[in-house]
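Values in this text are rule-based calculations from the coordinates and carry no lab data. These numbers come from a predicted model, not from an experiment. Here the Cβ is made from the backbone with ideal geometry for all residues, glycine too, and neighbour counts use every protein chain on show.
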Amino acid sequence: MKNKLTLTLMELQGIPAEKGNNLTLAILTHSDIDSFDALFRNLKNRYFPNAEIYFSVSSDEIYLRGEDRNASIKNEYHKIKECIDNMTKGVEILVCDRNLGFAQDFPVFDNADELDLTKKDKSPSWILISDESSLGGLYDECPESITFKVGGDSNNVRTITYCKKEEKPILTSIVTAAHLIYSNESAYREQLHDLPPSKEYAESELKHLVNSLQS
């Protein structure tokens, strides 16, 4: 199965805006990005009327992996971590396939203690999405979304959400994460004052990420 990796960054309060008054949302997925068009329209129409797409970049087609999953992630963990760090600087909320680069359900980012990208310093609020093809028959039994508040101290208040790859639960998860960030602005937002990467830089890092996932 071939897919493209696509990274889309959007500013929820419009472009340009002062970083302290804005929220940057990133969507990193190997799904067809067209499926997120309705999500963006509803996000803009219902919650963030000034939201704008900052940029969207896509990789060449890649094969979704289905074998040697643990070994490949462990071997390439540091490269994957560096790419994600570079692509999500200045990003407060990250929507991402939980099984990014793999055909079946697999925790790429919340793999194990030493391989858990969701626990790193200055981490965004993660929204890890899973679709029916990756979860199989379990999909119908899954709740639409489950959100966990993590951190808890004054320097790192954020959320990790697991949800179905459907418009409604993803939209709800984004709004929930945004609400927490805005309600803890002084405690949380200072951790993520970096500007988002440029389109050219993100495109380069996306290529590096593809190489790491495919190796």
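Things worth noting here:
- Here the peptides 77-86, 2-11, 56-65, 22-31 are ranked by packing, the mean other Cβ count within 10 Å, and the order with the highest first is 22-31, 2-11, 77-86, 56-65.
- Listed pairs LYS44/LYS119; LYS2/LYS119; LYS44/LYS81; LYS4/LYS81; LYS120/LYS168 exceeding 26 Å between Cα atoms: LYS44/LYS119; LYS2/LYS119; LYS44/LYS81; LYS120/LYS168
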